Amino acid sequence: MEDTAKRFSALLTVICRTAKRSANKVARIRKKRNGGSEEIHKSTSRSGEAVIGSSCKVRSSNKTTMTQDEKVELNFNETYELHQLLGQGGFAVVYSGTRVRDNVPVAIKVIPKCNVYSFEEDSGVAIPMEVHLHRFLDHPNVIKLYDFFEHAQAYVMVLERPMYHKDLFDYISEKRRLDEKEARSIFRQVVEAVIHCESKGIFHRDIKDENILLDTMSGQVKLLDFGSGTVLENTLYTDYEGTRAYCPPEWFRFHRYYARPATIWSLGILLHNMIIGDVPFANEVEIVGAELNFPEDVSKDLKDIMRCLLAKHPSHRPTLEEVIQHPWLQHRRYKGRPSIDRRTCQSAPIPRDIQGNMPRGNRDRQFQRGNSLL
């Protein structure tokens, strides 16, 4: 236990010292996105503790702050045991661990405070948006948040860790392509997870193979990493926090999008990735063109659902409820609404509220890859 305590205290210091480089990179991206108008605040509280939006600070020698941090560390060390590194990205570091009282496996996600920019108020206290969103979620296909700690240097999330897990990116890489039966099982679970998220007013915003865990023994799927997530609104979004390859064409064309059609598009990219072994579009031009080609061994129903999900115009993409009822997912002939006319999808005008006033000078903007883990 003493060794674990030392490791936990040390890793917080190391993580926050090394996080400045990624924080500076994020600051440059955000400044570019806002035309240089947004500044990342680097203020600290009077006690020397890093405050929300501040740059990372190594622990202050202030006695009060030290005492509070020691309490957090003691609480953590009495409840969880820290093990080896699972993964590391630009925004967080994830360790494996166990809960002391019952040996339940957990994932311990450590996020330096300088890497958190989105907050929500909970009982008068500002907490990371990712934590706030998790508190509304309870679904067998969504990773569970067990616990949360706030340290002067970092936020620590304790999350569910399936015993025989593998992320879908690695799983697809090993198998190269998934057969339709296996892809159907995985995809149906992902859609059900997203339906649950939207029912709770949550927009994940970074659905991709790397953010999906597969239990290789049971076949159960878990959607994870709500670090790019936000509250679901019926209005246009003018910032994009996800991964470039999963970005919808309306973002590249008009730098704005609606949440629900963007989610459907990302599900289409995911499904294509599972079935073909790669994303369908290599660059911005191909994404905007949205031209699909399939191998001969892909079934007719599967081609139809992918064309529906990846319809060029957002108003012609199906709802999640329509997706779950598609014949390919139901594995039966669908006798309801006929499939979308592809010619209409390719030629219909973009709705006026999406077009708006098209912004100038940002056509070559490079999108940031979603780096937060678990």
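Remarks
- Restricted to segment 255-365, the set of helices (runs of 4 or more DSSP H) holding at least 3 residues that are modelled with pLDDT of 95 or more comprises 259-276, 284-289, 300-309, 320-324, 327-330.
- When each of E291, E296 is tested for being surrounded by fewer than 19 Cβ atoms within 10 Å (Cβ to Cβ), more than 27 Å from R256 (Cα to Cα) and not basic (K, R), the lone residue that passes is E296.
Residue-wise test of (1) in contact with a helix residue (DSSP H, G or I) (Cβ under 6 Å, 6 or more places away or on another chain); (2) buried (at least 18 other Cβ atoms within 10 Å of the Cβ).
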residue	(1), (2)
A154	yes, yes
D179	no, no
R184	no, yes
R188	yes, yes
K208	yes, yes
M217	no, no
G227	yes, yes
T230	no, yes
T235	no, no
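- Looking across segment 254-288, the residues that are small (G, A, S) and buried (at least 21 other Cβ atoms within 10 Å of the Cβ) come down to A262, S266, G268.
- Checking each residue in segment 118-129 for being in contact (Cβ under 8 Å) with a residue 12 or more places away in the chain and not acidic (D, E) picks out S118, F119, A126, I127, P128, M129.
- Options F254, F226: the member that is touching a residue at least 12 places away in the same chain (Cβ under 8 Å), under 22 Å from Y171 (Cα atoms) and aromatic (F, W, Y): F226
- Residue that is modelled with pLDDT under 95 and of a type in the set (D, E, K, R), where the choices are D167, D206: D167
- Selected residue (only one of Y171, Y146, Y164 is of a type in the set (S, T, Y), touching a residue at least 40 places away in the same chain (Cβ under 8 Å), under 16 Å from I275 (Cα atoms) and open to solvent by 10 Å² or more (accessible area, probe 1.4 Å)): Y171
- Qualifying residue in segment 97-117 (condition: among the β-branched types (V, I, T), in contact (Cβ under 8 Å) with a residue 60 or more places away in the chain and touching a helix residue (DSSP H, G or I) at 6+ places or on another chain (Cβ under 7 Å)): yes
The values are calculated or read from the model by the stated rules, or taken from the named source; none is laboratory data. Here the structure is a predicted model, which means the values were calculated and not measured. Every residue, glycine as well, gets a Cβ built from its backbone with ideal geometry; the counts of neighbours run over all protein chains shown. In case anyone asks, the SASA skips ligands and DNA or RNA and just uses the protein heavy atoms, side chains included. Shrake-Rupley method; radii C 1.70, N 1.55, O 1.52, S 1.80 Å.
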